[in-house]
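Q: First, the structure itself, so that you have it in front of you.
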Amino acid sequence: MRTLATLLLCALMTPAQSDGAASTTSKPPRSKKAGRVIHELKMSGAYMDLPGAALDIASLVGLGATGKPKPFYTLVDDLAKVEGGAILVDLSDLGLSLNGPQLTELERAFTALRDRGVHATAYLENASMAHYRAAMLCDKVVLADMGMLDFRSPAMGSMFFKGVMDLLGVEVQVTRCGDFKGAVEPFLLERMSDHLKLHYEKMLTSMNDHIVNSIAARRGLAAEKVRALQKRRMFDAEAAKAAGLVDEIVPWRGARFSVATDDDTTFKNVGKKEKKGGISLMSLLSGGSTASKMRIGKDSVVVLQLSGTITDGKTASPGSMVSGPTVALIRELAEHKKVKGVVVRVNSPGGSATASEAILLALRDLAKAKPTVVSMGDLAASGGYYISMIGKDCKVFAEAETITGSIGVFGMRPNVKELADALGVHQELVTLDPDAAGMDDLFSPLSDTQLNRLQDMVDGVYTRFQDRILEARKMSREDLLKIAGGRVWSGTQAKELGLVDALGGLGAAMATIEPEAGAGHAVVHFPKPDSNPLGALGSLLGAHLRSAETRLTILSQAGFKLEGPLRILLDALRNPRANRAWMMIPAELRIR
């Protein structure tokens, strides 16, 4: 861990990049007279469906800050409030981060803007594909003259730890169901297996088809040309305009200077003025993963945000979906008289099988009490897919770029004998039943008999996984097994395979429960993100700092995608008797 922390600090010790808007040398002319109003939306930083109490390490050590993640649906709500005139979308921030499903949701929001007669202009400087995909939703796209466009196709990477494990003298023994359960490959192989790599390539192709077709439709280009442009990838301003990707090249003077103004033009910031104490449509209201008391004053539809790694426990933990407080929150929703319907919004890579079961059962009880529907976000895989299997009457929606499926189970157990020998440490067991007691011994490899026992446990959980799906989906076990085994799918593929019911976002999901819940209700999101800016710092400086699990979460938020696999190893080291079964997607399976 010291080595990882050192690498983290070294990575952070680079000059902080300034916001592109800071390059504006002077303020555009204004007049005090009432005249034309241009709504200005400055998009920056990371957007999340449920922002957690994320820690910004860079700001703590004085090396610049990326900022706390922002609630995505507040952005959607702000766009819905813009009426008439024009909107300028400033996309100059280098740290802007939006995932595929969020960009698809934004497409619907900008379509609604056009329907209301709002003309949208997007301003770009140095643009990633996320910047560009947001920009091309506007009626006009302008690029600063010294700007660049990184017009890439989606890709993914995975870290493999086999060499490190060998160096440390740690052998990882695995029991699993499904040859495509890629979460275990980094510990067993030095590189990705060919069959898994081919499967991922097909999934990326499915996602990219959606991206290409969207860009082609908005920009009036042939899909074949867009695909060819992706292969070229890098474009300066002149090349981007010649290719038809942008409409105009403007001087590098900031967003406001990119639109024609006169002395009577006024810029009005979008989303800056909020009514205190009010609940706005599609907005996150505030916190973490705790089951705090709900203050719902009128009939409402609740968006239940289930985000993070699924873990067992009774205490809420930022970035995780802990079974105890999550189940308590679900039960509170089921009993609340003002809750008229629930949209279960899932953003999870999976986790503990037992925690997933507890949450699923609570959700099934909720569906008996309230109209309920599932909306998948960026990732609803393995345990995340498991908790989505509420029932045949509970529809499941996904976006085209959602990652889902990963129907498979595994167990993982480290053998640290070689490491212990190198350190001069030896453990001697005295037991009446050596074979049974030896299953707790991390200083020796499991015997074939012991591995078979663990395999039986994993097989049983895998059968339970199948059963839960068959209870909710209209398919046979034979058909299910053809698409299970740990395979991951894009939302488009999942719809074709019958793993989800329809492609659509939060609005489409809400529409399906309106006949039962009633239309026109307020929309409230739970749990609420932590509104206390010192909350994460307090956790860091408090007792949780001594928890390896918390430190791993911090590293993960800083860019080290290690939390999932290391959580599993730490759990094995901390609780060798647990022999837990896991429903986890590969840790590095993030599309960029």
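Every read-out reported here was derived from the displayed coordinates using simple, explicitly stated rules and does not represent laboratory data. Every value quoted in this text rests on a predicted model; they were computed, and no experiment measured them. Note that each Cβ is placed from the backbone with ideal geometry, even for glycine, and that neighbours are counted across all protein chains shown.
Q: Can you pull the one-decimal nm distance between simple spin-label points at residue 314 and residue 337, each 7 Å off the Cα toward Cβ?
A: Computed distance between label sites residue 314 and residue 337 equals 3.1 nm.
Q: Ranked from highest to lowest mean number of other Cβ atoms within 10 Å per residue, what is the order of the peptides 507-516, 491-500?
A: 491-500, 507-516
Q: With the crude spin-label approximation of a point 7 Å out along Cα→Cβ, what separation in nm comes out for residue 365 versus residue 162?
A: With each label point 7 Å from Cα toward Cβ, the separation is 4.5 nm.
Q: Evaluate E = 1/(1 + (r/R0)^6) for residue 299 and residue 471, where r is the Cβ-Cβ distance and R0 equals 30 Å; express this FRET efficiency to the nearest 0.05. It would help to have the intermediate numbers written out before the result.
A: Details: r = 31 Å, r/R0 = 1.02.
Approximately 0.45, to the nearest 0.05.
Q: Multiply the residue gap between residue 111 and residue 463 by 0.36 nm, knock off their C-alpha separation, and tell me the result in nm, one decimal place. Before the final figure, lay out the partial values.
A: On the way: separation 352, 0.36 × 352 = 126.72 nm, distance 4.40 nm.
Here the answer is 122.3 nm.
Q: A further question follows. Between residue 146 and residue 248, what is the FRET efficiency for a Förster distance of 22 Å, r being their Cβ-Cβ separation, to the nearest 0.05?
A: Numbers: r = 15 Å, r/R0 = 0.66.
E between residue 146 and residue 248, to the nearest 0.05, is 0.90.
Q: Starting from the Cα of residue 448, step 7 Å along the direction of its Cβ; do the same at residue 201; then give the gap between the two resulting points in nm.
A: It works out to 3.7 nm between the two label points.
Q: In terms of Cα to Cα distance under 19 Å, which aspartates and glutamates are near enough to residue 495, apart from those fewer than 8 places away along the same chain?
A: 105, 201, 209, 378, 393, 399, 401, 471, 478, 479
Q: So how long is each side of the stretch 124-265 along the principal axes, counting just the alpha-carbon atoms, biggest first, in Å?
A: Ordered largest first, the stretch 124-265 gives principal extents of 71, 33, 26 Å.
Q: Right, here's the next one. Please compute the length gained on full extension between residue 225 and residue 269, using 0.36 nm multiplied by the number of residues separating them and subtracting their Cα-Cα distance.
A: Details: separation 44, 0.36 × 44 = 15.84 nm, distance 3.65 nm.
That pair, residue 225 and residue 269, stretches by 12.2 nm at full extension.
Q: What FRET efficiency, computed as 1/(1 + (r/R0)^6) with R0 = 56 Å and r the Cβ-Cβ distance, is obtained for residue 83 and residue 191, rounded to the nearest 0.05? Intermediate values should be presented prior to the final figure.
A: Values: r = 54 Å, r/R0 = 0.97.
Once rounded, the FRET efficiency stands at 0.55.
Q: Let me ask something else. Order these peptides, 407-419, 107-119, 369-381, by their mean beta-carbon neighbour count within 10 angstrom, highest first.
A: Values: 407-419: 22.5, 107-119: 15.0, 369-381: 25.5.
Listed from highest to lowest mean packing, they are 369-381, 407-419, 107-119.
Q: Let me ask something else about it. Which order do the peptides 198-209, 310-321, 331-342, 123-134 come out in when sorted by mean C-beta neighbours inside 10 angstrom, highest first?
A: Details: 198-209: 16.3, 310-321: 20.7, 331-342: 18.1, 123-134: 23.8.
Averaged packing, sorted descending, gives the order 123-134, 310-321, 331-342, 198-209.
Q: Report the full-extension gain for the segment residue 236 to residue 519: residue separation times 0.36 nm, less the Cα-Cα distance, to one decimal in nm. Write down the numbers at each step before the final one.
A: Numbers: separation 283, 0.36 × 283 = 101.88 nm, distance 4.82 nm.
The residue 236-residue 519 span can extend by a further 97.1 nm.
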